[in-house]
Amino acid sequence: MNKFTDLGLNKALVDAVSDLGFETPTPIQAETIPLLLDSNKDILGLAQTGTGKTAAFGLPSIQLTDVNNKQTQTIILSPTRELCIQISKDLIAYSKNVKGIRVLAVYGGSSIENQMKSLRKGAQIVVGTPGRTKDLINRGILKLGNIERVILDEADEMLTMGFKDDLDAILSKTPAEKQTLLFSATMPDEMLRITKKYMHDVVEIKVAKINLGAKNVDHQYYMAQAKDRYEALKRIVDINPSIYGIVFCRTRRETTTIANKLSQEGYSADALNGDLSQAQRDDVMGRFRTRGLQLLIATDVAARGIDINELTHVINFNLPDEPEIYTHRSGRTGRAGNHGISVAIINTREVNKIKQIERKSGISFTQHMIPTGDEICQTQLYSLVDKIGKIHVDSAQIEPFLPTIYEKLGDLTKNDLIKHLVSAEFNRFLSYYKNSKDLNVSNKKRSSRKTAENHLRLFINIGKKDNLTPARLLGLINENLDNSDFEIGKIDIFKTFSFFELDEKIAETLIESLTGEEFEGRTLALEVASGKPSRRRSNSGGSGRSSRGKRDYKSNSSGGRRDNKKKNHRKGGSSSNRRSKKKW
Ligand code: AMP
């Protein structure tokens, strides 16, 4: 296969990617990089995350940058702020040996003034969410005169998230002779429209997803409250009596705390961290290798270089900040053809991290329920029974003691004897888990999809007059929230204001994040319009609004129709709104 040098990349970039451990270009890199470097063709890349597409468009964009010109030359659009940050981080890493280059991420929900300041200093590559990018263009801060390429990353996601109008606006304002690259996992009709309208002389590149995560590994996550994390860990260990694995922690101190607690409670565990002397480290590793220890509680740094093929589990006591680190951790299991399990213990606010890892590493997680006390007792009991059945009996050694044993236990029936024997070992679990609570927290955001009980009705001071559509509202919300896994309920757009229903858990965050932001030249104001959305709402201008008394929300009348409308709940980002034939 090609090496990076063969693709036409210069030494500064080849060195940087080899420092990152990239030895061979992925298929999309092998195809895209030479095309971008040597031709003016537009590129349509049908590729998911996990294919290496960021480097595919990032490396040539860096190489083609005129570092003597501070003006923006490449705009990369991506659907969420996390992705913007991730892409810009990746590009900064690739360009570490390139002097004079500046990569800047711009996204909603964060001070536009600071981003304007940064842009004024000059950034040749701007990575932005569509709404914020358009805003900066409209303010004349992001100048388009020198734009040579526009890259749409995860274009299908951007459309689903309601950024269609923003994309149109950006693509039509950027110079016509630019190179346009569009990467997307799927090709919905709307995308075809974009490609037809804005792209010319298109080369289509289609690559399958490459799984960068270890094969033979099941990725599982368990959701608990942060305060129950340790309890959850114990239950996961208890439901797997033959576990042999590494528990990854963030800090040295955490490894020691967890290891101490576990060993005090009778688990076979010890810590491995940078505070240990070489002799202590060798001792711990020696015991772990020979299975004298079942669990090694380690930091990422300390666990480097551990190559044991038989590990059954890797447990992320905390998820790492970088998806790549998760991939490294999980790759410690499932080796040499063995099957492995990589577990993440998360709280409800960390679901996004799981999604980020899935996107970045091309792996899929399944959610598992934290076992209940009963389930654990059952598993432990059968495991104990199995162990008793399989145990090696050294008759010669036992023989001399048997008369006394018969004397002491002779009165017990076979049945009773079994009960006594099993209980001797098993009582610890029974008493520990007696009346134990359920540690699972439901992912309410997910489970509430069918109901609006958890929704608040919010007022926003923009409407049709400001070119607000349901899709643009979705885009605005998506762009200003960290979390794209939210639900939005009914949307009512009137002439100068609108209402929408939103998961109450994130409503406050959204209000804070959007208030004071600008949309089409208007400063946004949001507030909670009422408590829970009413099941049967009256027509426009109806009681809900007039009872507020403060504003005269005379609507432009779409109200009567709504009575018969079915409530339309969707995940933030679903396109159902836009496809609907309703007049908004
Ligand atoms: P992406 O699809 O751009 O999000 O990349 C997915 C992951 O693959 C990231 O963690 C990259 O750091 C990694 N990656 C990209 N290109 C290569 C390569 N040529 N060799 C190894 N890893 C790569």
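The values are calculated or read from the model by the stated rules, or taken from the named source; none is laboratory data. All values reported here derive from a predicted model rather than from experimental measurement. When we count neighbours, we look across all protein chains shown, and the Cβ atoms used for this are built from the backbone with ideal geometry, even at glycine. Each accessible area value is taken on the protein alone, full model and side chains, heavy atoms only, with ligands, DNA and RNA left out. Shrake-Rupley method; radii C 1.70, N 1.55, O 1.52, S 1.80 Å.
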Euclidean distance of C-alpha centroids, segment 246-265 and segment 33-67, integer Å: 44
Anisotropy class of segment 162-203 from Cα gyration tensor, a/c 1.5 cut: oblate
For Leu272, residues with placed amide H under 5 Å, excluding near neighbours: Ile297, Ala298, Thr299
Of Leu20, Ile112, Thr180, farthest towards positive along the dipole that unit charges on Lys, Arg, Asp, Glu beta carbons give segment 4-206: Ile112
Cα centroid separation - segment 278-310 against segment 110-138, whole Å: 47
Shape call, segment 81-228: gyration tensor on alpha carbons, a/c limit 1.5: oblate
List Arg120, Arg281, Arg132, Arg428, ordered by accessible area with a 1.4 Å probe, largest first: Arg120, Arg428, Arg281, Arg132
Label-to-label distance, nm, for residues given as Ser111 and Asp275 (7 Å Cα→Cβ offset): 3.8
Area of Asp66 that stays accessible when all protein chains are in place (1.4 Å probe, Å², to 10): 70
Candidate aspartates and glutamates - alpha carbon under 16 Å from Lys437, same-chain residues fewer than 8 apart omitted: Asp228, Glu231, Asp238, Asp374, Glu375
Contact order relative to length of segment 4-206, as percent, for alpha carbon pairs under 8 angstrom and 6 or more apart: 28
Highest-first arrangement of 92-100, 352-360, where packing means the average Cβ count within 10 Å: 352-360, 92-100
For Gln225, residues with placed amide H under 5 Å, excluding near neighbours: Val441
Helix-only CD estimate at 222 nm, as mean residue ellipticity for the chain, using -39500 (n - 2.57) per DSSP H run (n ≥ 4): -11500 deg cm²/dmol
Zone of Leu20's modelled label, taken as backbone nitrogen in segment 68-108 under 11 Å from a point 7 Å along Cα→Cβ: 87-96
DSSP-defined beta bridges in the chain - what % are antiparallel, rounded to 5: 25
Residue among Ile85, Ala279, Asn467 farthest towards the positive dipole end of the chain, charges placed on Cβ: Asn467
Leu384 accessible area, 1.4 Å probe, all protein chains in place, Å² to nearest 10: 20
Entries in Lys134/Lys353; Lys11/Lys134; Lys197/Lys464 that, when Cα-Cα distance is taken, lie over 29 Å: Lys11/Lys134
Rounded if a/c under 1.5, otherwise prolate or oblate - the chain, Cα gyration tensor axes: oblate
Proximal aspartates and glutamates to Lys96, defined as alpha-carbon separation beneath 16 angstrom and excluding residues fewer than eight positions away on the same chain: Asp15, Asp19, Asp66
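How big is the charge dipole of the chain about its Cα centre, in debye rounded to the nearest 20, if each Lys and Arg gets +1 on its Cβ and each Asp and Glu gets -1 on its Cβ? Can you show the working numbers first?
Values: 90 positive and 71 negative charges, 609 e Å.
Result for the chain is approximately 2920 debye, rounded to the nearest 20.
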